[in-house]
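As structure tokens, the structure follows; a few thoughts come after it.
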Amino acid sequence: MTTEQFPVLIDTASGDGDVVSLTFDDGPNPADTPRLLDVLRGHQVTAVFCLQGDQVERHPEVVRRIAAAGHTLCNHSMHHDDMSAWTPERIAADLRETNVAIRRAVPHARIPYFRAPYGAWGQTPAVAASLGMRPLGWRLAVADWETPGAGELVRRLERGITPGAVVLLHDGGGDRSQTVAAVEQVIPTLKARHYRFTLPETGR
């Protein structure tokens, strides 16, 4: 067993000290992603957007805006299926189809990461690595899919973020207005604590 065959999930932000990486899944979502992009731009923060292929096909203009703003793109599968029991061949076909969809929207896009839907990894890390993508995990998930209210999300983020954390959030898959509002509140708090916002480690 080698790390090349079973790549380690990336869950650490790059850099030393108080660093954190924000990652957003299941988009693009024309209702909330543009508002999130405005928030990130206003605070000069870059993030990772884990894109769902069928959503990319529906909203390529939002993907172009994500890329134009300097954010990093991540493959999050074509239809958000549980891939944990899939064969490597089926996984590879799905990941390639998703990359094609992303690059149809943004030609020559760099896609350094893959994140498995539901965190159901199965054989996806090795397949993603064979296609040039690092498997992107997380250290903190605040369950924003529960839509518990922006205030509760702020509390979970402020209490849960630790130096080096990769944070899992969502800009798609439903109404994510609470997430956008929470991110807008939390970024200044973290900056006041001298946190820096970096990308996840790409590994060796």
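Values quoted throughout were computed directly from the atomic coordinates according to the rules given, and no laboratory measurement underlies them. This structure is a prediction, so every number in the text was calculated from the model and none was measured. Don't worry about glycine lacking a Cβ; one is built from the backbone with ideal geometry, like all the others, and counts go over all protein chains shown.
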- Note on the structure: Tilt, helix 177-192 to longest principal axis of the chain (alpha-carbon atoms), in degrees rounded to tens, equals 70 degrees
- Amide H to amide H under 5 Å from Arg134: which residues, 5+ apart in sequence or cross-chain, H placed 1.01 Å off N in plane? Tyr113, Phe114
- Item | Among beta bridges that DSSP assigns inside the chain, antiparallel share in %, nearest 5 | 10 percent
- Item | Between the stretch 139-166 and the stretch 1-75, the Cα center-to-center distance that results, in Å | 17 Å
- Message: Just want to confirm a number: the relative contact order over the stretch 127-193, from Cα pairs under 8 angstrom separated by 6+ residues, in percent.
- Response: 36 percent
- Arrange His108, His71, His80, His43 by Cβ neighbour counts within 10 Å, fewest through most, would you? His108, His43, His80, His71
- Message: With a cut-off of 8 Å between alpha carbons and a minimum separation of six or more residues, what is the relative contact order of the chain in percent?
- Response: 35 percent
- What nm distance separates the two modelled labels at Arg58 and Thr87, each placed 7 Å from Cα along Cα→Cβ? 3.1 nm
- For the chain, what is the charge dipole size about the Cα centre, in debye to the nearest 20, if Lys and Arg each add +1 at the Cβ and Asp and Glu each add -1 at the Cβ? 600 debye
- Note on the structure: Nearest 10, in degrees from 0 to 90: the angle of helix 88-105 to the longest Cα principal axis of the chain is 60 degrees
- Roughly how tilted is helix 33-42, in degrees to the nearest 10 and between 0 and 90, from the longest Cα axis of the chain? 50 degrees
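Calculate, in nm to one decimal, what Trp145 and Arg104 gain on full extension: separation in residues at 0.36 nm each, minus their alpha carbon distance.
Working: separation 41, 0.36 × 41 = 14.76 nm, distance 2.87 nm.
Length difference between fully extended and current span is 11.9 nm.
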